[in-house]
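The values are calculated or read from the model by the stated rules, or taken from the named source; none is laboratory data. No experiment lies behind these values; they were computed from the predicted model shown. Virtual Cβ from ideal backbone geometry, glycine too; neighbours counted across all protein chains shown.
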Amino acid sequence: MKILVMNCGSSSLKYQLIDMENESVLAKGLCERIGIDGSKLTHQPTGKDKVVVEKDMPTHQTAVELVLSALLDPEHGVIKSMDEIGAVGHRVLHGGSVYSDSIVVNEDVKRVIRECFDLGPLHNPANLMGIEACEAAMPGKPQVAVFDTAFGQGMKPEAYMYAIPYEYYEKYKIRRYGFHGTSHMFVSKRVLDFAGLDKKSGKVIVCHLGNGASISASIGGKCVDTSMGLTPLEGLIMGTRSGDVDPAVLQFICNHENLSVDEMLNILNKKSGVLGVSGVSSDFRDIAAAEEEGNERAKLAFDAFIYRVVKYIGAYVAAMNGVDAIAFTAGVGENDARARERVCAPLGYLGVKIDAEANKTRGKEIMISTPDSKVKVMVIPTNEELAIARDTLSLI
Ligand code: AMP
């Protein structure tokens, strides 16, 4: 069975066609500038040359049709008939408090996705457009929604409530939801296997460190806590997002700089994080290079980023009354040995010991702690598309 995985943004569509017999990627690609002049599709069949199709894509509907014709194309296609696609799995940002698991799309599911437009204003409308475009292009084909907030639904009320007047929770569902859920779920489950931990009681911390960064604590794969909140702005310091700040900072800067709350939020989302502190870049490779050249603010940005991760790990060990394994994933977590080494260095109190040689490995699954380390530490590459495809297959 082949599963098509879709990730729709407001003007983009990423896809992968995965053969679930051996979980191999048959083709992947990206539609850019949907609804904007100069739209194009980049289609990459595995083992063949990349194809770029420059064609008008006024809507997600036309983008989906273009993707399907690329997949079916006699030359650079990878399937002969649409019947080979068993189902479509969609990444959906927000399922509110309704969905703690993936679900086959029906009218009710679409209504909930629509009701969550408020909570995910940039993503949910595009996610729904993607679903409806696929329904129109492939009538009768099962569509599955995989929610980025599903994993965070494991949190207990004491972990997800903000200590603000309760009426805001009742009226607007203001609470912590957590994001990167598909990644945290995929990696934390894999950790239980890879580290040979008990499937029900294994205590795992996953550090998803990329341009967006978040951290989760889970027991037996069930989320205890995760660092992102109502939106992905809360928690760790990220490429361009501030992570945790005292809300009074907003009021102070708005008053002094004559900014609106929306403008301030834009600064916290897009101009803060390691970019804001360093003034150099949001890319951790640029930060490392600037630090090498003696840039003090780049060093400060990286130090602050590491410090916040270390602080959250301590909090999550306390929340779970222990930890069996810590995993690193995403761009920085999978590739940056120095970041992993710096996060683990202050964890001696937990009995963490890192094998410096193993830690040099990049981008592949590996245990980086020594055999006598009390906590197992590892790198587990994340694979959100495969997680979506697996959930989709299990539901149809
Ligand atoms: P992601 O959002 O998961 O794609 O991660 C993107 C981030 O990973 C960027 O900031 C990259 O600089 C960072 N990254 C990728 N490769 C490396 C590497 N070898 N060393 C340090 N950072 C890296």
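Scan the range 200-224 residue by residue and report those that are surrounded by fewer than 24 Cβ atoms within 10 Å (Cβ to Cβ), away from the ligand (no atom under 16 Å from the Cβ) and either at pLDDT below 95 or under 19 Å from A150 (Cβ atoms) (or both).
If the condition is that a residue be surrounded by fewer than 24 Cβ atoms within 10 Å (Cβ to Cβ), away from the ligand (no atom under 16 Å from the Cβ) and either at pLDDT below 95 or under 19 Å from A150 (Cβ atoms) (or both), then I219, G220, G221, K222, V224 are the ones that fit.
Consider A389 carefully, then state whether it is part of a helix (DSSP H, G or I), away from the ligand (no atom under 15 Å from the Cβ) and touching a Gly at 6+ places or on another chain (Cβ under 9 Å).
Answer is yes for this residue.
Inside the range 320-342, can you point out the residues that are within 16 Å of the ligand (Cβ to nearest atom) and under 20 Å from the mean Cα position of the chain (by Cα)?
Those that are within 16 Å of the ligand (Cβ to nearest atom) and under 20 Å from the mean Cα position of the chain (by Cα): A327, F328, T329, A330, G331, V332, G333, E334, N335, D336, A339, R340.
Please specify each residue of the range 176-196 satisfying the condition of being among the polar types (S, T, N, Q) and within 11 Å of the chain's Cα centre (by Cα).
Answer for the range 176-196, where residues must be among the polar types (S, T, N, Q) and within 11 Å of the chain's Cα centre (by Cα): T182, S183.
Within the range 35-120, considering only strands (runs of 3 or more DSSP E) that don't extend past its boundaries, which have at least 2 residues that are polar (S, T, N, Q)?
Counting at least 2 such residues, we get 40-45.
Return the residue satisfying two criteria in turn: it lies in the range 57-86 and is surrounded by 20 or more Cβ atoms within 10 Å (Cβ to Cβ) and small (G, A, S), and of such residues it is nearest to Q16 (Cα to Cα).
A70
Counting only residues that are assigned to a loop (DSSP other than H, G, I, E, B) and polar (S, T, N, Q), which one in the range 343-385 is nearest to the ligand (Cβ to nearest atom)?
T382
Cβ-Cβ distance below 6 Å, separation of 6 or more or different chains: which pairs start in the range 370-396 with a residue that is without any contact (Cβ under 8 Å) to a residue 40 or more places away in the chain and end on one that is surrounded by fewer than 20 Cβ atoms within 10 Å (Cβ to Cβ)?
Listed pairs, sorted by first residue: T370/K353; T370/D355; S373/K353; K374/G351.
R241 is checked against (1) surrounded by 22 or more Cβ atoms within 10 Å (Cβ to Cβ); (2) basic (K, R); (3) within 11 Å of the ligand (Cβ to nearest atom) and fails just one. What number does that condition carry?
(3)
Say we look at the range 286-304 and pick out the residues that are farther than 28 Å from C254 by Cα and either touching a residue at least 24 places away in the same chain (Cβ under 8 Å) or assigned to a loop (DSSP other than H, G, I, E, B) (or both); which of these is nearest to the ligand (Cβ to nearest atom)?
Step by step, filter the range 286-304, then rank; the result is A288.
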